Each structure stands twice: as C-alpha cells, then as structure tokens.
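Taking it in order: structure first as structure tokens, then the write-up.
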Amino acid sequence: MAAIHMKNIVKQYGDGFPAVNDISIDVADGEFMILVGPSGCGKSTLLRMIVGLEDITSGDMLIDGKRVNDLAPRDRNLAMVFQNYALYPHLSVYENIAFPLRLARKLSESEIDDKVHEASRLLELDEHLQRKPGNLSGGQRQRVAMGRAIVRQADAFLFDEPLSNLDAKLRGQMRTEISRLQKRLGITTVYVTHDQTEAMTLGDRVAVLKRGLLQQLATPRELYTNP
Ligand code: ADP
Ligand code: ADP
C-alpha cells in the first residue's frame, strides 16, 4: 500500500472551465478517501488521472513518494475496481484471481496457487473457487475483483461508483462489505460516488467536489456537525 499525494492538479479539456481546478488532496497509507459531488464535478476525471487513464494538464501526482504523471497505468501498480467488475466470464473464480499473476510470468505454478488460496481465504471465497462469475452474487463478484488486486499486491484500490447499478438492498450489503474488507486489508482506497449515504458511511475522510473545485475535505463526523 502507498500514500497518494495530489498537488495542484488541473485538468483542462478544450478551452472551457477546468474539469478539475487546482485540487490538492493527500491520501494517507491505508486511508479510505471518498470523492463525492454531483454529476460533472470532476470526480471521475480526478480518479482517472490517479490511475493514469487521463493526462494531467498541470500539477503533481505522487504515489508512494514517486512522481507518476508520465507513467502508464500498468506502471503505477494500482487496482481499479470497475462497476461491472471486469471479470472474465469463461474463467473460474480461481483463474480470474490468478490472471494477473499468470500475465506477469514471474511466479511458479505453486507460488501462484499459494497466493490465490491466501487471497481467497481473506475474501472468504475459498468455497467458490471453481465457480464461474455468472453463478456468483454481486458481492462475491466484487470480492473476486478485489482478489485480483490483492494477489498482485496493488498499492491502492480505486473504485468508480461500484454500487450504482445495484438495487438498494444489495447496495447496503455491499457498502458494509467493502468497508469491512478495506479495514481488514488496510489498503489505501479512493472511492468515487455521487451518493451521500455512501460518502458519509464508507470512508475515513470525504473530499467534496463542486464544478472542479475541492469544497471541503473532512471526516464524515465533521461534515455532519458542520455541513
Ligand atoms: P463526474 O465524474 O463528477 O460526473 P467528470 O469527471 O466525468 O465528472 O466530468 C467533469 C467535467 O469534465 C464535465 O464537465 C464533463 O463534461 C467534462 N469531461 C469529462 N470527460 C471529458 C472529455 N473526455 N472531454 C471533454 N470534456 C470532458
Ligand atoms: P498500453 O499503454 O500498453 O496500451 P496500458 O497499461 O496503458 O497499456 O493500459 C491499457 C488499458 O488497460 C487502459 O486504457 C486501461 O483501460 C486498462 N488498464 C491498465 N491498467 C489499469 C489499471 N491499473 N486500472 C484500470 N485500468 C487499467
């Protein structure tokens, strides 16, 4: 895991109002940071700049003390957990989790096996290793996606509205699950949402964005007492 340091980050598309306008946020090692705000406020753009899917117009992005502005996504060692989990439907849970390790070609088969089992125990997926994603619940799929990130020892998890397609009941369960797992794993997390409930219940701190600007950066408790 690693700290993420954003300093005076700007994203300018074309010549309009900047999508992200001079935002500085420090996410500490192991911290769960929420980015919240209405549609169009720049939160996805900021997340995509952290991952490296979007160029930074100006400012500095440091991960684990290293400037990553010019690094490709694969060289940043971050794990994006997408809304649709991006699992391979034809592969078993085991193979989905093993996938990044096989791709890296650095480990023997038995080392891969050890890592997959360790991650699946942590995520309580050991009973489901031979199943295909299509036969899993939404929560289990989310855990497989996190398993893939854990085996490659990603420095941080990045979530972009992972629950927005789920019904209210499942969303509540998943909230609890993500928060529990994040605490257990202690992995640095940045989580984008437009949902106030998620923002106030999931994270250690909440960054409130509005029209590309950072309006507030506070704990949920501070936001409750001083909204
Ligand atoms: P949010 O995730 O908060 O909904 P976005 O980061 O997606 O907001 O968008 C922030 C602003 O940047 C919006 O005004 C949006 O229209 C604009 N924007 C996002 N992506 C692009 C792009 N690829 N080209 C031009 N403008 C964009
Ligand atoms: P290349 O530069 O060889 O095309 P990249 O590593 O830049 O490959 O990534 C290609 C695509 O893979 C990206 O556009 C993105 O969709 C996806 N990707 C790679 N790494 C990540 C990551 N850590 N998080 C999210 N998406 C990623």
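The values are calculated or read from the model by the stated rules, or taken from the named source; none is laboratory data. Treat the numbers as computed from the prediction; the structure is a model and nothing was measured. So basically every Cβ, Gly included, is an ideal-geometry build from the backbone, and we count neighbours across all protein chains shown.
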Of the residues that make up the stretch 36-51, is at least one under 15 Å from the mean Cα position of the chain (by Cα), away from ligand 2 (no atom under 13 Å from the Cβ), buried (at least 20 other Cβ atoms within 10 Å of the Cβ) and not in a helix (DSSP H, G or I)?
yes
Would you point out the residue of the stretch 3-19, among those that are over 27 Å from Ile178 (Cα atoms) and β-branched (Val, Ile, Thr), that is nearest to ligand 2 (Cβ to nearest atom)?
Ile9
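Per-residue answers, yes or no, for (1) assigned to a loop (DSSP other than H, G, I, E, B); (2) at pLDDT 95 or above; (3) within 15 Å of ligand 2 (Cβ to nearest atom):
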residue	(1), (2), (3)
Arg74	no, no, yes
Met80	no, no, yes
Leu91	yes, yes, no
Pro100	no, no, yes
Leu107	yes, no, no
Lys115	no, no, no
Ala145	no, no, yes
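Would you please name the residue that is nearest to Ser179 (Cα to Cα), looking only at residues in the stretch 203-220 that are of a type outside the set (D, E, K, R) and within 12 Å of ligand 1 (Cβ to nearest atom)?
Among those that are of a type outside the set (D, E, K, R) and within 12 Å of ligand 1 (Cβ to nearest atom), it is Ala207.
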Working only within the stretch 2-51, note down all residues that are more than 15 Å from ligand 1 (Cβ to nearest atom) and farther than 18 Å from Arg205 by Cβ.
Asn8
Checking the structure you have, find out if any residue of the stretch 119-127 is within 23 Å of His194 (Cβ to Cβ) and among the basic types (Lys, Arg).
no
Got at least one residue in the stretch 165-186 being within 16 Å of ligand 2 (Cβ to nearest atom), in contact with a strand residue (DSSP E or B) (Cβ under 8 Å, 6 or more places away or on another chain) and of a type in the set (S, T, N, Q)?
no
How many of the residues making up the stretch 92-117 are over 21 Å from the mean Cα position of the chain (by Cα) and closer than 19 Å to Gly139 by Cβ?
2
Give just the number: which of (1) away from ligand 2 (no atom under 16 Å from the Cβ); (2) out of contact with any Ser or Thr (no Cβ under 8 Å at 6 or more places or on another chain); (3) assigned to a strand (DSSP E or B) does Val206 not satisfy?
(2)
Filter the stretch 140-149 down to the residues that are aliphatic (A, V, I, L, M) and in contact with a strand residue (DSSP E or B) (Cβ under 8 Å, 6 or more places away or on another chain), then identify the one that is surrounded by the most Cβ atoms within 10 Å (Cβ to Cβ).
Met146
Can you pull out every residue in the stretch 52-86 that is within 16 Å of ligand 1 (Cβ to nearest atom), of a type in the set (D, E, K, R) and under 17 Å from the mean Cα position of the chain (by Cα)?
Glu54
